[in-house]
1. Tell me the residue from 330, 317, 308 that is at pLDDT 95 or above and touching a Gly at 6+ places or on another chain (Cβ under 6 Å), please.
2. Before we move on, is residue 117 at positive phi and surrounded by fewer than 22 Cβ atoms within 10 Å (Cβ to Cβ)?
3. Does the range 159-171 contain at least one residue that is acidic (Asp, Glu), surrounded by fewer than 20 Cβ atoms within 10 Å (Cβ to Cβ) and within 22 Å of residue 356 (Cα to Cα)?
4. Taking the residues in the range 305-321 that are closer than 11 Å to residue 291 by Cα and part of a loop (DSSP other than H, G, I, E, B) as candidates, determine which candidate is farthest from the chain's Cα centre (by Cα).
5. For the range 333-424, which fully contained helices (runs of 4 or more DSSP H) count at least 3 residues that are farther than 19 Å from residue 9 by Cβ?
6. Could you list, in sequence order, all residues of the range 395-419 that are hydroxyl-bearing (Ser, Thr, Tyr), open to solvent by less than 60 Å² (accessible area, probe 1.4 Å) and more than 21 Å from the chain's Cα centre (by Cα)?
7. Can you run down the residue pairs with Cβ atoms below 9 Å, 6 or more apart or on separate chains, where the first is in the range 103-114 and open to solvent by 50 Å² or more (accessible area, probe 1.4 Å) and the partner is among the polar types (S, T, N, Q) and in a helix (DSSP H, G or I)?
8. From the residues in the range 55-90 that are among the acidic types (Asp, Glu) and in a strand (DSSP E or B), which one is most open to solvent (accessible area, probe 1.4 Å)?
Amino acid sequence: MQADHLLTGRVLVWDGAPLRDGRDTARIEEDWGVLIAENQIAVTGPADMLRQAAPDVTEMAYGRDLICPGFVDAHVHFPQTRIIASWGKRLIDWLNTYTFPEEMRLEDPAYAAAVAGEYLDLVVKHGTTTVASFCTSHPASVDAFFEAAETREMRVYAGKTCMDRNAPDALCDTAIRAYDESRALIERWHGRGRASYVITPRFSPTSSQDQLEALGALWAAHPDCLMQTHLSEQIDEVDWVASLFPDARDYLDTYEAVGLLGERALFGHAIHLTPREIDRIAETGAALVHCPTSNTFIGSGLFDMDGLTARGIPVGLATDTGGGSSFSMLRTMAAAYEIGQLRGRALHASELLWLATEGSAEALHAKGRIGTLAPGAEADICVLDLASTEAIAQRTRQAETVWDEVFATIMMGDDRAVRSVWVAGERRI
C-alpha cells in the first residue's frame, strides 16, 4: 500500500453518536494506528496490521497519547481575536463597546490579513483544524480569512457579516450591497479548495426586513451554501427583536418569514427558545451551535443540550471567539460539562469529544469529511497528551479507565495537552 504517514497510539473511533446512540458507540483502541495517504485517512486499525500493510512508511509513534479527529469549532468571530476576554459587558454593550470598534479596523486589508493569520495559527495550536467564522461587513475581511486558510490548507466556512441598521455607519451596508457583495464572494470562494461560503446575517436586530429578505433570496439561489446567524442568546435581545418585529410570532419567525430557515441553517446560542421555535427547528432539520464559554462569560443562560438533542436537532459546539473566553475546544468541552451539570445531567467524556468533532461536523453538513478518523475522511488530526501537566498526570495515574484519563484532560487541559496537529495530512505541530 502506498502511504504517506502512519500514526500509532490510542485511537478514538466513532461507531455512532454518543449523545443519540449511547456511550458505547465511542471507543478508544489501544495500540492502533491511522494510515494517511494523499491527505486522507486510508485505513484505521491495529498498529501491527498497518505496519504490515505499509512496511516502508515512516511511523509517528505516539505511545499512550490519544489520536483523535481535529476539533471542529462551529461558530466563531475571527475579527474579535484581539478583544477576547474583555471585561464586564452583556451582549448589546459588548457589541457597541468592543466588537464594532474592532470590526471597523478590518476594513484595512493588511490588518484583516494579520488578524486572520494570527487567529488560524492560534486555533491550530489548540488542536482545532476547522472553523465556521463570521467575518466583518467588509469583503476584504472575507478574502483575508479565506486566503489565510488556503495558505494553511485548512477546511473553513465563513461569510461576510451583513448589517444595515443598529450598528455604526462604517459597518453598515444595504440590502442590495449585502446581496451583491455576498454573491460575488460566493462566486470567488465557495467550493474553492477547502473553502465553503456561508450566508451570514449577523442577527435580526442589525438587519432590516429588506436585508433579511435579500439574504433569503440569495440563499434560495445558492442552496448548497450554509446560512449562519444568532438566535435567542439573551432575554433582553429576545425582547429587542420583539419590539423591532412586532408582527413576528417569535425570534425564529424573523428568519423563517424571509426564507432563512432550513436544513442547512446554523443558529448560534439558541438558549431562550419557545416551544414553537423548537418544533420548527426540529421539523426543518436546522442545526444549533452550543457556545458554553460565551454563554457564561456574557451571562446569557444555560443551553438545554438534552432537551434539544432529544428532539433530533443537530447540535455543534463552539468557542464563539471573542464573546467566548478561550480559543480552546478543551476548555469549551469543560464549560459544556459544567452547564450540563447546572441543567441536571453530566455529559460523558465521549459525548463531549463527539460534540467537538463529529457533532460539529454534522452541524456543518460535513459528516464523513471531517470530525472522524474513518477511511475516506480528510486527514485533519489532533493528538492529545493525556498527562500534559503535573496536575493532570497525578490524576491520570489514579484513573480506572481511559475515559477517566480523557475526562481529566478535558477538564484541566489547555494547549499544552496538544501534542501534535495534522492538517490535510501534513504535520503542523
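The values are calculated or read from the model by the stated rules, or taken from the named source; none is laboratory data. For clarity, every value in this text was computed on a predicted model and none was experimentally measured. Positions of Cβ are generated from backbone atoms using ideal geometry, with glycine treated the same way; all protein chains shown enter the neighbour counts. When the accessible area is computed, the model is the full protein with side chains, heavy atoms only, and any ligands, DNA or RNA have been set aside. Shrake-Rupley method; radii C 1.70, N 1.55, O 1.52, S 1.80 Å.
1. Numbers: 317 fails: touching a Gly at 6+ places or on another chain (Cβ under 6 Å); 308 fails: touching a Gly at 6+ places or on another chain (Cβ under 6 Å).
It is 330.
2. Values: at positive phi: no; surrounded by fewer than 22 Cβ atoms within 10 Å (Cβ to Cβ): yes.
Spelling it out, it is not the case that residue 117 is at positive phi and surrounded by fewer than 22 Cβ atoms within 10 Å (Cβ to Cβ).
3. Initially, the range 159-171 is screened for residues acidic (Asp, Glu), giving 164, 169.
If we keep only those that are surrounded by fewer than 20 Cβ atoms within 10 Å (Cβ to Cβ) as well, we get 169.
Next cut, within 22 Å of residue 356 (Cα to Cα) only: none.
No: the range 159-171 contains no residue that is acidic (Asp, Glu), surrounded by fewer than 20 Cβ atoms within 10 Å (Cβ to Cβ) and within 22 Å of residue 356 (Cα to Cα).
4. Once the filter is applied, the top-ranked residue is 321.
5. Details: elements: 349-354, 360-363, 390-396, 402-412.
Here the list reads 349-354, 360-363, 390-396.
6. Going residue by residue through the range 395-419, those that are hydroxyl-bearing (Ser, Thr, Tyr) are 396, 401, 409.
Those left that are additionally open to solvent by less than 60 Å² (accessible area, probe 1.4 Å): 396, 409.
Within the range 395-419, just 396 meets the criteria.
7. Every condition considered, the pairs that remain are 107/141; 109/141.
8. 59
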